[in-house]
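> Okay, handing you the structure first.
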Amino acid sequence: MSSPLNLRHAFGRFPTGIAVITTIDEQGNPYGLTINSFVSVSLEPPVLSWNVMHNSRAHEVISRAKSFMVHILSSEQQALSKRMTGPIDQRFDGVSYRFNEIGLPVIDGCLAAFVCDLRSMISIGDHDIVLGDIQDYDYQHGEPLVYWQGNYGRAVA
């Protein structure tokens, strides 16, 4: 029973929200990736965390970034979640976004968006825990996109 695949199935029993991280890569291009490891860490000071796999392009981009954004997806943004796991050069094709005052890509229509400075990355096993100091945020009402046992769903109040 003890295998990485079985452990993944066990973790999959916990429903999570879906978020998209955005930043700018070393060539100045928008970069995005989908995560489900978002966690609020602290209100004072305002800090959040998420995880990124070692030896991935995402790890390389984030470790060089000074800042990033976390976008909490709405139940209508399943296609966006999938798009941000596809070919890197096509992730922003057809996505409605703009650049904020510090040059980060801001995706339209998300339930919440957090502008963060990279505080640190803590290496644990095959991932790093990314800690971000929240500099600004915005939110709106709506239903979140949920991931559970390898499938998308929605949470209803």
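The values are calculated or read from the model by the stated rules, or taken from the named source; none is laboratory data. Predicted model, so just to flag it, every value in this text is computed and none were measured. Counting neighbours? That spans all protein chains shown, and the Cβs are built from the backbone with ideal geometry, glycine included. Accessible surface is based on the protein model in full, side chains and every heavy atom, while ligands, DNA and RNA are left aside. Shrake-Rupley method; radii C 1.70, N 1.55, O 1.52, S 1.80 Å.
> If you average the alpha carbon positions of region 18-34 and of region 60-113, how far apart do those two centres end up, in angstrom?
6 Å
> Could you derive backbone 3J(HN,Hα) for region 140-157 from the dihedral phi with the Karplus parameters 6.51, -1.76 and 1.60 (θ = phi - 60°), listing whole Hz in sequence and x where the residue is Gly or Pro?
9, 7, x, 9, x, 7, 10, 10, 8, 6, x, 10, 8, x, 9, 9, 10, 5
> Please work out how much accessible surface Ser40 shows to a 1.4 Å probe, ignoring ligands, DNA and RNA, in Å² rounded to 10.
Rounded to the nearest 10, that gives 90 Å².
> Keeping every protein chain in place, order Arg57, Arg8, Arg13 by accessible area at 1.4 Å, biggest value first, i.e. largest first. It would help to have the intermediate numbers written out before the result.
On the way: Arg57 70, Arg8 175, Arg13 140 Å².
Highest to lowest solvent-accessible surface, that is Arg8, Arg13, Arg57.
> Next question, about the same structure. Direction-averaged shadow area of the convex hull around the Cα atoms of region 116-156, nm²?
Values: hull surface 19.0 nm².
Here the figure is 4.8 nm², rounded to one decimal.
> Using θ = phi - 60° and the Karplus curve 6.51 cos²θ - 1.76 cosθ + 1.60, what whole-Hz ³J(HN,Hα) does each residue of region 50-67 get, with Gly and Pro shown as x?
7, 10, 9, 6, 4, 6, 10, 4, 4, 4, 4, 5, 5, 5, 8, 6, 8, 8
> Something else: At a Förster distance of 25 Å, what's the computed FRET efficiency of Arg13 paired with Val47, Cβ-Cβ distance as r, to 0.05? List each step's numbers first, then the result.
Details: r = 27 Å, r/R0 = 1.09.
Once the sixth-power term is evaluated, E becomes 0.35.
> I would also like to ask the following. Please list the three semi-axes, largest first and in whole Å, of the ellipsoid equivalent to region 98-140, using sqrt of 5 times the eigenvalues of its alpha carbon gyration tensor.
Working from the Cα gyration tensor, I get semi-axes of 24, 12, 10 Å.
> In µm²/s, what is D for region 1-62 at 25 °C and 0.890 mPa s, where D = kT/(6 pi eta Rh) by Stokes-Einstein and Rh is the Kirkwood radius from Cα pairs? Display every interim value, and only then the final one.
Details: Rh = 13.9 Å.
Translational D for this selection: 177 µm²/s.
> Could I ask something else about it? What does the helix-only formula give at 222 nm for the chain: each DSSP H stretch with n ≥ 4 adding -39500 (n - 2.57), the total divided by the residues, and the result rounded to the nearest 500 deg cm²/dmol? Present the calculation step by step, with values, prior to reporting the outcome.
Details: 3 runs with 22 residues, N = 157.
For the chain, the value works out to -3500 deg cm²/dmol.
> Then there's this: In terms of solvent-accessible area of protein heavy atoms at a 1.4 angstrom probe, what is the ranking of Phe68, Phe11, highest value first?
Values: Phe68 0, Phe11 145 Å².
Sorted by accessible area, descending: Phe11, Phe68.
> Here's something else I'd like to know. Quick check on the chain: of the DSSP beta bridges with both residues there, what percent are antiparallel, nearest 5%?
Working: 49 of 49 bridges.
If I count the DSSP bridges inside the chain, around 100 percent turn out antiparallel.
> Quick one: plug the Kirkwood hydrodynamic radius of the chain (C-alpha pairs) into Stokes-Einstein at 10 °C, 1.306 mPa s, and report D in µm²/s.
Values: Rh = 16.1 Å.
Using the Kirkwood radius from Cα pairs, D works out to 99 µm²/s.
> I would also like to ask the following. Using only the alpha carbon atoms of region 31-85, find the Kirkwood hydrodynamic radius as the inverse mean reciprocal pair distance, in angstroms to one decimal.
Details: mean 1/r = 0.0788 Å⁻¹.
Hydrodynamic radius (Kirkwood, Cα pairs) of region 31-85 is 12.7 Å.
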